[in-house]
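Each remark here refers to the structure printed beneath this line.
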Amino acid sequence: MTALVELTPSAQEHVSRLMEREKKLGSLLRVSVMGGGCSGLSYKMSFEEAPADADNLIEFGKLKVLIDPRSALFLKGIMVDYVDGLNGSGFTYTNPNAKRSCGCGTSFSA
């Protein structure tokens, strides 16, 4: 069975550092999809205080991730990673549902 979403240890660690830096410890991470971007849809991550009624809740140790039902249609099986290298740093998304992705890596079409 395919997990709804996977966060690599590197992504989990970076999110935890961001929560600490932004004084959001104890918050939930929302991973979602919204219209826009070069390819029509883009990924969005934000911190939330509480889940909405229909949210999917996924736990990675102490880190809790929320995904709304609409976004889940586009995110099922996605792997979110955080890379830090010579060519830059940031979150990367490996999405099996994406038919096309743009060069920036944060926009896709399904």
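The Kirkwood hydrodynamic radius of the range 5-51, based on inverse pair distances between different Cα atoms, is 11.9 Å. Along its first, second and third principal axes, ordered by size, the range 5-109 spans 39, 35, 20 Å in Cα coordinates.
Each reported figure results from applying straightforward, stated rules to the coordinates on display, with no laboratory input. Note that the coordinates shown come from a computational prediction; the quantities given were computed from them, not determined experimentally.
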